[in-house]
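The values are calculated or read from the model by the stated rules, or taken from the named source; none is laboratory data. In this text, all values refer to a predicted model and were calculated from it rather than measured experimentally. No Cβ is skipped: glycine too gets one built from the backbone with ideal geometry, and neighbour counts run over all protein chains shown. We work out accessible area using only protein heavy atoms, side chains counted, and drop any ligands, DNA or RNA first. Shrake-Rupley method; radii C 1.70, N 1.55, O 1.52, S 1.80 Å.
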Amino acid sequence: MIRGDVSRIGNLAVAACLVPLLGGCASVDYYWQSVSGQMDLWSRERPIEDVMADPASPQALKDRLARVLEIRAFASSELGLPDNASYRRYADLGRPFVVWNVFAAPEFSTQPIASCFPFAGCVSYRGFFARKDAERHAAALAGEGHDVYIGGVPAYSTLGWFADPVLNTFIHYPEAEIARLIFHELAHQVVYVRDDTAFNESFAVAVEQEGVRRWIARGGDAARRDEFERGRRIRAEFAGLIQKHRARLDALYRSRLAPDAMRSRKRQILAELVSEYQSIRAGWGGYSGYDNWFAGPLNNAQLASVAVYSQWVASFEALLARESADLARFYAAVKALAALPREERETQLRALVPRKAGI
């Protein structure tokens, strides 16, 4: 076994056994798949230096891992992110995603159905290490009349409880995307608020974007900087598009329309979302990265999967600017927000960015 496995497996096994007794809303089977999936991941990871020294490792992988070590060092030395064992080991899982997240929402609600856990609190999705398990859970929720969406995830954070490894699921991404992902997941170890997925993810997105901007500036590569800024603009326009139509759906669901009429209007709004995406996409210079996302029928759950990552990003960017881009001061300000009751926290986040007409 790799270093630290005994204590980590013990901790997870105890949690899996005790949480159902404490009234958690997940089943014993769910906790067992979490434990077994994490154990499988640990069994496959090795120190990055060992992988790089292994003659059997492809040179392309060695080169990429060498850059990962530089990114990892930059994360702590320049961004003030935790200097710990996370992202210093590598594991090849032999699959395209580490977990598959299942999002669900009622037919006439934009709010995702939460899943609650002992350490992470309530989150807006439930993750599975095997796609078939995610599909089974999604089918059960759909059978209850809910909208469901399954999204593959290349990485996740254990919030500093354990050392998270670099994975094959993202090692071949463009360098800026690898940096973005590592900065994002490490940010969860800086600030994490129980029961507030949108706050946590939006903060991590703000950190990742600032981090990548600084990482690219360090190399002085204007082309890479322009490419990153283009990608950031596209992501922001996509998120804004989803936010706009999700707000329209929310207004619809608050109306007193009869179910059949509401269902028809819902389909119309979602069709208009697809149409507007096609218009916006035309200005993206051929970028088609969201085409697969729009390929199937859209629903409340799918829109919620985007909203949890973007809802407060503009507010955190404004807060960073208010703190003169000083990350230490920014983190302190975010921790102060995190300590507030949720309603007060959201009031302050909203105050950071003037409300736009029509949103």
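A few notes on this one:
- Residue that is farthest from R131 (Cα to Cα), among those in segment 31-57 that are part of a helix (DSSP H, G or I), out of contact with any helix residue (DSSP H, G or I) (no Cβ under 7 Å at 6 or more places or on another chain) and free of Cβ contacts under 8 Å to residues at least 40 places away in the same chain: A53
- Filtering segment 27-58 to residues that are open to solvent by 60 Å² or more (accessible area, probe 1.4 Å), closer than 24 Å to R126 by Cβ and touching a strand residue (DSSP E or B) at 6+ places or on another chain (Cβ under 8 Å) leaves only R44.
- Leading residue by the ranking (surrounded by the most Cβ atoms within 10 Å (Cβ to Cβ)) among those in segment 297-345 that are small (G, A, S) and without any contact (Cβ under 8 Å) to a residue 24 or more places away in the chain: A333
- Pair list, Cβ under 7 Å, 6 or more apart: segment 229-257 residue without any contact (Cβ under 8 Å) to a residue 60 or more places away in the chain, other residue buried (at least 18 other Cβ atoms within 10 Å of the Cβ) and of a type in the set (S, T, N, Q): R232/Q209
- The lone exception for S86 - which of (1) of a type in the set (S, T, N, Q); (2) open to solvent by 20 Å² or more (accessible area, probe 1.4 Å); (3) in contact with a helix residue (DSSP H, G or I) (Cβ under 8 Å, 6 or more places away or on another chain); (4) within 21 Å of F183 (Cα to Cα) it fails: (2)
- Only one of the numbered conditions (1) closer than 30 Å to A328 by Cβ; (2) among the aliphatic types (A, V, I, L, M); (3) open to solvent by 20 Å² or more (accessible area, probe 1.4 Å) is violated by V207, and that is (3).
- Taking the criterion of being loosely packed, with under 12 Cβ neighbours inside 10 Å and either within 27 Å of A251 (Cβ to Cβ) or in contact (Cβ under 8 Å) with a residue 24 or more places away in the chain (or both), the residues of segment 272-282 that qualify are S275, Q278, S279.
- Residues (touching a strand residue (DSSP E or B) at 6+ places or on another chain (Cβ under 8 Å), farther than 30 Å from R254 by Cα and not acidic (D, E)) located in segment 68-116: V68, Y87, R88, R89, Y90, A91, L93, P96, F97, V98, V99, W100
- Segment 350-359, residues that are under 29 Å from Y149 (Cα atoms) and part of a helix (DSSP H, G or I): R350
- Matching residues in segment 198-238 - criterion: being of a type in the set (D, E) and more than 20 Å from G285 (Cβ to Cβ): E201, E208, E210
- Note on segment 212-228: residues that are closer than 12 Å to E177 by Cβ and in contact (Cβ under 8 Å) with a residue 60 or more places away in the chain total 1.
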